[in-house]
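Quick notes on the structure that follows.
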Amino acid sequence: MYSEFEKIQKEALNSIDLALDLSMLDEVKNTYLSKKGIVVSLMSRLKDLAPEDKKAYGQGVNELKKVIEDALFDRQRVLADVALNQKLNEEKIDISLPGKTFNTAPMHPFHLIKDEISEIFLGMGYTIAEGNEIEEDYFNFTLLNMPENHPARDMQDSFYINKNTLLRTHTSPVQAREMQKHKNTPLKIISPGKVYRRDDDDNTHSHQFGQVEGLVIAESLSLGHLKATLDLFVKKMFGPKREIRFRASYFPFTEPSVEVDVSCHECNGKGCATCKGTGWIEILGAGMVNPHVLEMNGYDIQKFTGFAFGIGIERVAMLRFGIDDIRRFYQNDVRFLDQFPKR
Ligand code: PHE
């Protein structure tokens with residue numbers, strides 16, 4: 001009889017060991033411990049036994065039951081752990097997988113430099129004035145001391161829309177517009193934007209390009225103020241080692257007028273191919289606002305003086321980034337554009 005218990009115990013422990021998941025283990029539990037299970041049926045034989053055998057038999061069945069219950073309990077813990085780990089593994093997020101990428105375009109070098117120029121002057125207390133790309137002849141030329149038939153109009157071949165309207169040839173008409181707006185009060189503005197000229201396109205000329213106009217009007221301004229302003233601009237844009245020089249020039253709306261050169265970044269002023277052997281590279285035009293222009297636009301020239309400058313955006317960008325051909329700005333070649341920083 002007891003060898004039967006042993007046999008059942010052995011089989012039960014074996015089945016428990018072989019259960020690979022919780023539902024298999026449940027089946028084993030049913031087989032042995034449910035109401036119709038083996039242990040209950042062993043117990044039901046008790047009533048047929050002789051009284052002196054009952055105690056030992058009962059103890060035997062109870063021991064058997066206890067062994068099976070303990071084994072089920074231990075195995076259940078192991079399998080529950082396995083099930084949990086499996087679930088965690090299945091639900092794990094693989095953080096080593098590359099994420100979804102989407103391409104952001106880099107800043108266009110034109111806008112990069114336009115913004116940088118603006119930032120430098122905003123830092124010096126200038127504000128930004130907006131102008132019109134389609135401009136009246138009167139503001140583009142006449143109010144800047146270039147009356148009709150003035151030969152200086154030929155310096156800037158123009159796209160006329162009708163007799164009195166054209167695509168502005170420079171940002172300088174913003175000078176006249178701002179002066180008219182703020183009559184006889186100090187001014188300190190820059191105005192970035194696009195301008196148009198009927199040039200034949202080559203590697204340094206384009207029929208459309210960008211300028212940043214600057215205009216300061218106050219009492220007792222001198223060329224010294226202009227030079228200090230542009231010197232600071234150049235050092236911030238091209239580095240602290242760059243020097244500037246003024247060369248006498250001519251613009252109808254400034255007197256005196258200057259072309260401003262920056263010392264060559266390649267050779268530090270010694271002379272090389274980049275600066276065509278001169279040690280200097282021309283970057284902008286400037287001058288003291290012609291008193292006639294101040295007067296025409298409503299300023300008292302006994303009290304006010306002014307200086308103005310016009311910076312070519314592509315020109316500055318070409319020097320900063322070593323770009324060889326202005327046409328690259330407009331061709332939209334991603335191999336070119338991808339070289340600039342993303343912001
Ligand atoms: N408007 C001039 C040009 O386009 C540049 C300039 C601006 C010169 C302001 C003097 C003062 O050539």
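Every number in this text was worked out from the coordinates using simple rules, so none of it is lab data. All of these numbers come straight from a predicted model, not from anything done at the bench. FYI the Cβ positions are ideal-geometry reconstructions off the backbone, even for glycines, and counts take in every protein chain you see.
Quick notes on this structure:
- DSSP-assigned coil residues among trypsin sites (Lys or Arg not before Pro) in the stretch 13-80, each with at most 13 further Cβ atoms within 10 Å: K35, K36
- If R0 is 51 Å, the Cβ-Cβ spacing of L49 and K92 corresponds to a FRET efficiency of close to 0.35.
- Listed pairs K236/K270; K7/K35; K65/K87; K7/K36; K114/K276 exceeding 30 Å between Cα atoms: K65/K87
- Degrees, to the nearest 10: 109-123 long Cα axis against longest axis of the chain: 70
- Length gained on full extension, T165 to H111, computed as 0.36 nm times the residue gap minus the Cα-Cα distance: 16.7 nm.
- If you wrap the stretch 167-238 in the convex hull of its Cα atoms and look at it from every side, the mean projected area works out to 6.3 nm².
- In the stretch 225-343, the alpha-carbon atoms span a convex hull of 152 Å³ per residue.
- Radius, Kirkwood style, for the chain when every pair of distinct Cα atoms is counted (Å): 27.0
- Label-to-label distance, nm, for residues given as N103 and D325 (7 Å Cα→Cβ offset): 2.2
- Volume per residue of the C-alpha convex hull in the stretch 2-90, rounded to whole Å³: 72
- Extension gain (nm, one decimal) between S3 and K194, 0.36 nm per residue minus Cα-Cα: 58.3 nm
- From its DSSP helices (H runs of at least four residues, each -39,500 (n - 2.57)), the chain gives a residue-normalised ellipticity at 222 nm of -13000 deg cm²/dmol.
- Gyration tensor over alpha-carbon atoms, the stretch 40-134, equivalent ellipsoid semi-axes in Å: 91, 14, 11
- Sparse-neighbour loop sites [trypsin sites (Lys or Arg not before Pro); the stretch 83-129; at most 16 other C-beta within 10 Å; DSSP]: K92, K100
- For F159, distant residues with modelled amide H under 5 Å away: L167, R198
- 15 Å cut-off, amide nitrogen to a point 7 angstrom out along V67 Cα→Cβ, residues in the stretch 39-53: 39
- Cα pair count fraction exceeding 27 Å, expressed as % - the stretch 106-253: 27
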